[in-house]
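Inspection log for the structure reproduced underneath, given as structure tokens.
The values are calculated or read from the model by the stated rules, or taken from the named source; none is laboratory data. These numbers were taken from a predicted model, which means no experiment stands behind them. Positions of Cβ are backbone-derived with ideal geometry, glycine not excepted, and every protein chain shown enters the neighbour counts. Ligands, DNA and RNA are stripped out before the accessible areas are found, and what is left, the full protein with its side chains, is counted by its heavy atoms. Shrake-Rupley method; radii C 1.70, N 1.55, O 1.52, S 1.80 Å.
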Amino acid sequence: MDNKLINEYDLVVLGGGPAGLAAAVAAKENGARVMLIEREENLGGILKQCIHDGFGLVLFKERLTGTQYAERFLKKFYDLGIEHMTNAFLNSVQRLPEGGFEFVIQSAKGMVGLKSKTLVLACGCRERSARQVFIHGERPAGVFTAGTAQYLVNIMGQMPTKKCVILGSGDIGLIMARRLSLEGAQVEGVYEIQKSPAGLARNVSQCLDDFDIPLHLNSTVSKVFGQKRLEGVEVCKVDENYKPIKGSERFIECDALIVSVGLLPENEVAQSLGVEIDPATKGPYVDQELMTDIPGVFACGNALHVNDLVDYVSQSGHLAGQAAARYASGDENRIKVEYNSEDFLYVVPQYFDKNKEGEITLYWRSKADHRGKKVAIEVDGRAEKSKKYMRLLPSEMQSLTCTVKADVGQISLKMLDG
Amino acid sequence: MEMVCIVCPNGCLLDIEGSGDDIKVKGALCPKGIEFAKTELQDPRRALTTTVATVFGDMPRLPVRTADEIPKADLLDAMKKIKTLTVKERLHEGDSVCEDFFGTRLIATADMTRQNINL
């Protein structure tokens, strides 16, 4: 086993999905020597199985499918001749005392050692599984996350069900309801524990209404039945505390339960390095150039916080790649971006580095449904940017941008009555 | 009547009064919403995105889309037609899979030449 550390890079990008591709392209365009590591066989991340359209409206002003969107970045990536390894797993990463990082990577060619000055975490997110939402009953085959069902149908061309129930109304669940219907499966209904759908309104319309699939709000799947294969599920209504309402139970015969109950940023590598994680986003704390609290480690895309649109994932990858490429260690001089946790679920970035004065874009979600509110970025008590919102929903990410000078004392995001 | 505009992720809730060509649309953030409401009432159309079988083991399905939107009522017939197709050569994104497909073309939305076949 040849484990000599001979390869030195400016950046190692971990993950070859939309965030990692954008980061690698931006860094390479800024003259950095880049190595991208991807665990799967092909680059593109989850976009490979996102055959539906609606991607790219923000960045390209076009309605692309996920695969077409990926193609734009893949073309750039290959044209720039960026070094990469696929079918490669990160075994370990360590900080070097003199600065920089040392990696051991398991690839099809054996163990590979690398060194780099910076690390860009673009590991994306993972689906919450049925085990994480406490469904009672047996453990039969036939319980899939929406992403797994999507992989089986779109990549493998295999149908996982003839008749199914979908738990959770996140966008992937809605997209899969349409996809399975088009492929001839019967989708009995979508069950959502909240009082409003978790996915975009247009997906409720074009994925459920178009196919006459009922959406049951304030409802959940309470039990699964079946020894080898799923034979049915029990659904019920829930009260305002999400507790099942007695007597509302109903049995549905089906051979699959598709679970679309949220995504969690993937930060195992970040945590192994000791990067501090924000409990609100479940991603690392970062400054406006997406550097974490460990100098030289950057985080972007869904590993940082779960985004609604891939366009924002690419934008954050681009920002992190650019920043990592010109990263030079210096004194940190950060202030925290303040917000009231009664008004906002979270705000990203959490820090502003005063050494890098200029534009800052805050991405945020409101804590509750609101109509006619105004949201403002206040710099030293003065509103530098404000916008009125007809409607604010926790499920829809918003952003505001303003310019901040190096002598700033306080930055805060405020929610005000319109 | 109310309908949700599906043109972009904003998903504007449109409030429509009147019928035929003579309708008033409220709630659209852009002119595309008004256009959508008119088409949706008279001739609803959807883009179809799906996959077509291929003869290649490393990529058994090719993602495809209709180049333009097709009548919503034709979606299930279009899926039946899809099941009769097989891709036998490695295509690039944008290449035609079927030239005459419900009034438009069926095109590849992914590249088939970059699969990492050799590990």
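Relative contact order of region A:108-264: what whole-number percent is it, with Cα pairs under 8 angstrom and at least 6 residues apart?
Numbers: 310 pairs, mean separation 48.2, N = 157.
Relative contact order comes out at 31 percent.
Students often get this wrong: which residues of region A:34-74 have the backbone nitrogen under 20 Å from the point 7 angstrom along Cα-to-C-beta of A:Lys109?
From region A:34-74, the list is A:34-44.
Whole number please: convex hull volume per residue of the Cα set in chain A, in Å³?
Numbers: hull volume 63.8 nm³, N = 418.
Roughly 153 Å³ of hull volume per residue.
Taking H placed 1.01 Å from N in the peptide plane, check which residues at least 5 places from A:His84 or on another chain put their amide H under 5 Å from its amide H.
A:Leu36
May I ask you to list the aspartates and glutamates whose Cα is less than 15 Å away from that of A:Lys282, ignoring any residue fewer than eight positions away on the same chain?
By straight Cα distance, A:Lys282 reaches A:Glu127, A:Glu266, A:Glu268, A:Asp293.
So with the 1.4 Å probe, I'd like the accessible area per residue for region A:87-240, rounded to whole Å².
On the way: 6660 Å² over 154 residues.
Normalised by residue count, the accessible surface of region A:87-240 is 43 Å².
What residues have an amide H closer than 5 Å to that of B:Val52, excluding those fewer than 5 places away on the same chain, when H is modeled at 1.01 Å from N in the peptide plane?
B:Leu62, B:Val64
Tell me the mean residue ellipticity at 222 nm calculated for chain A from its helices only (DSSP H runs of n ≥ 4, each -39500 (n - 2.57), averaged over every residue, nearest 500).
Values: 6 runs with 66 residues, N = 418.
For chain A, the value works out to -5000 deg cm²/dmol.
With each label point set 7 Å from Cα along the Cα-Cβ vector, what nm distance links A:Lys243 and A:Glu102?
5.7
Buried accessible area between B and A (1.4 Å probe, both chains summed, ligands and nucleic acids excluded), in Å² to the nearest 100?
Details: alone 7880 and 19780 Å², together 24710 Å².
When B and A are taken together, about 3000 Å² of accessible area is lost.
Can you pull out the GluC sites (Glu not before Pro) in region A:254-355 whose DSSP state is coil and whose Cβ has at most 10 other Cβ atoms within 10 Å? Could you put the intermediate results ahead of the total?
On the way: sites: A:Glu266, A:Glu268, A:Glu276, A:Glu289, A:Glu332, A:Glu338, A:Glu342; in loops: A:Glu266, A:Glu276, A:Glu289, A:Glu332, A:Glu342.
For GluC sites (Glu not before Pro) across region A:254-355 that sit outside H, G, I, E and B with at most 10 neighbouring Cβ atoms in 10 Å, the list reads A:Glu342.
Got a sec to turn the phi values of region A:35-47 into Karplus ³J(HN,Hα) couplings, 6.51 cos²θ - 1.76 cosθ + 1.60 with θ = phi - 60°, whole Hz, x for Gly and Pro?
Residue by residue, region A:35-47 yields 10, 10, 10, 10, 7, 7, 6, 10, 6, x, x, 5, 4 Hz.
Just the number: Rg to Rh for region A:264-307, Cα atoms, Kirkwood Rh, two decimals. List each step's numbers first, then the result.
On the way: Rg = 9.1 Å, Rh = 10.0 Å.
My calculation of the ratio gives 0.90.
What residue among A:Lys373, A:Lys115, A:Lys61 has the largest mean-square fluctuation in a Gaussian network model of chain A, using Cα springs under 10 Å?
A:Lys61
With just the Cα atoms defining each centre, how far is region A:81-115 from region A:233-286? Give it in Å.
Rounded to whole Å, the Cα centres lie 33 Å apart.
Can you spot the lysines whose alpha carbon is less than 23 Å from A:Lys385's alpha carbon? Ignore those fewer than 8 places along the same chain.
Candidates past the 8-residue exclusion: A:Lys336, A:Lys354, A:Lys356, A:Lys367, A:Lys373, A:Lys374, A:Lys405, A:Lys414.
Once phi is turned into θ = phi - 60°, what whole-Hz ³J(HN,Hα) does the Karplus curve with 6.51, -1.76 and 1.60 give for every residue of region A:159-176, x standing for Gly and Pro?
Values, residue by residue: 8, x, 7, 9, 9, 9, 10, 10, 9, x, 10, x, 4, 5, x, 5, 4, 6 Hz.
Whenever you get a sec, compute what percent of the accessible area on the protein assembly as shown sits on carbon and sulfur atoms (1.4 Å probe). Provide the component values of the computation, followed by the final result.
On the way: 11900 of 24710 Å².
Reported share for carbon and sulfur atoms: 48 percent.
Given the C-alpha atoms of region B:2-42, compute the convex hull and give its volume per residue in Å³. Don't skip to the end; give the middle numbers.
Details: hull volume 2.3 nm³, N = 41.
Spread over its residues, the Cα hull of region B:2-42 gives 56 Å³ apiece.
Please name the residues of region B:40-55 whose accessible area, counted over protein heavy atoms with a 1.4 angstrom probe, falls by no less than 10 Å² between the chain alone and the full protein assembly.
B:Arg46, B:Ala47, B:Leu48, B:Thr49, B:Thr50, B:Thr51
Over region A:294-418, what relative contact order in percent results from Cα pairs under 8 Å that are six or more residues apart? It would help to have the intermediate numbers written out before the result.
Details: 229 pairs, mean separation 30.8, N = 125.
Reported as a whole number, the value is 25 percent.
On the principal axes of its Cα set, how long, how wide and how thick is region A:26-92? Give whole Å, largest value first.
Ordered largest first, region A:26-92 gives principal extents of 37, 26, 18 Å.
When ligands, DNA and RNA are left out and all protein chains stay put, how many square angstrom of accessible area per residue does region B:49-108 have with a 1.4 Å probe? Could you put the intermediate results ahead of the total?
Details: 2890 Å² over 60 residues.
Result: 48 Å² per residue.
What 222 nm value per residue comes from the helices of chain B, counting each DSSP H run with n ≥ 4 as -39,500 (n - 2.57) and dividing by all residues, nearest 500 deg cm²/dmol? Walk me through the intermediate numbers first.
Working: 2 runs with 20 residues, N = 119.
Dividing the helical sum by the residues of chain B leaves -5000 deg cm²/dmol.
Say R0 is 35 Å: what FRET efficiency, to the nearest 0.05, do A:Asp308 and B:Met1 get from their beta-carbon distance?
Details: r = 27 Å, r/R0 = 0.78.
After rounding, the FRET efficiency stands at 0.80.
Between the chain alone and the structure with every protein chain in place, find the residues of region A:39-58 that drop at least 30 Å² of accessible area; heavy atoms, 1.4 Å probe.
Residues losing area: A:Glu41, A:Asn42, A:Ile51, A:Asp53, A:Leu57.
Provide Rg and Dmax in Å for region A:70-146, with only Cα atoms included in the calculation.
That works out to 18.8, 54 Å for Rg and Dmax.
How large is the Kirkwood hydrodynamic radius of region A:28-172, in angstrom, based on all distinct alpha carbon pairs?
Computed over Cα pairs of region A:28-172, the Kirkwood hydrodynamic radius comes out at 18.5 Å.
Considering only DSSP states other than H, G, I, E and B, which GluC sites (Glu not before Pro) in region A:43-137 qualify as loop sites with at most 16 other Cβ atoms within 10 Å?
On the way: sites: A:Glu62, A:Glu71, A:Glu83, A:Glu98, A:Glu102, A:Glu127; in loops: A:Glu62, A:Glu98.
Sparse-neighbourhood loop GluC sites (Glu not before Pro): A:Glu62, A:Glu98.
Need the per-residue list for region A:199-248: every residue with at least 10 Å² less accessible surface in the complex of protein chains than in the chain by itself, probe 1.4 Å, sorted by number.
Residues of region A:199-248 that lose at least 10 Å² of accessible area once the other chains are added: A:Leu200, A:Ala201, A:Arg202, A:Ser205, A:Gln206, A:Asp210, A:Phe211.
Among the lysines, select those whose C-alpha is under 18 Å from the C-alpha of B:Lys80, and discard any that sit fewer than 8 residues away in the same chain.
A:Lys162, B:Lys72
Whole-Hz ³J(HN,Hα) for each residue in region A:269-279, computed from phi via Karplus 6.51 cos²θ - 1.76 cosθ + 1.60 with θ = phi - 60°, x for glycine and proline: what do you get?
Each residue's phi maps through the Karplus curve to give 5, 4, 5, 5, 8, x, 5, 7, 10, 7, x Hz.
When chain A is modelled as a GNM with alpha-carbon springs shorter than 10 Å, which of A:Phe101, A:Phe55, A:Phe251 fluctuates the most?
Comparing A:Phe101, A:Phe55, A:Phe251 in a Gaussian network model of chain A, the most mobile one is A:Phe251.
Quote the relative contact order of region B:2-42 in percent (integer), defining contacts as alpha-carbon pairs under 8 Å separated by 6+ residues. Show your work: numbers first, answer last.
Details: 56 pairs, mean separation 14.2, N = 41.
Answer for region B:2-42 is 35 percent.
Tell me, what is the per residue accessible area of region B:2-42 in Å², probe radius 1.4 Å? The partial results should precede the final answer.
Values: 2510 Å² over 41 residues.
Counting only protein heavy atoms, the per-residue value for region B:2-42 is 61 Å².
Just to confirm the filter: which trypsin sites (Lys or Arg not before Pro) across region A:185-279 are DSSP coil and have at most 15 other Cβ within 10 angstrom of their Cβ?
Details: sites: A:Lys195, A:Arg202, A:Lys223, A:Lys228, A:Arg229, A:Lys237, A:Lys246, A:Arg250; in loops: A:Lys195, A:Lys228, A:Lys246.
When the trypsin sites (Lys or Arg not before Pro) of region A:185-279 are filtered for loop state and at most 15 Cβ neighbours within 10 Å, A:Lys195, A:Lys228, A:Lys246 remain.
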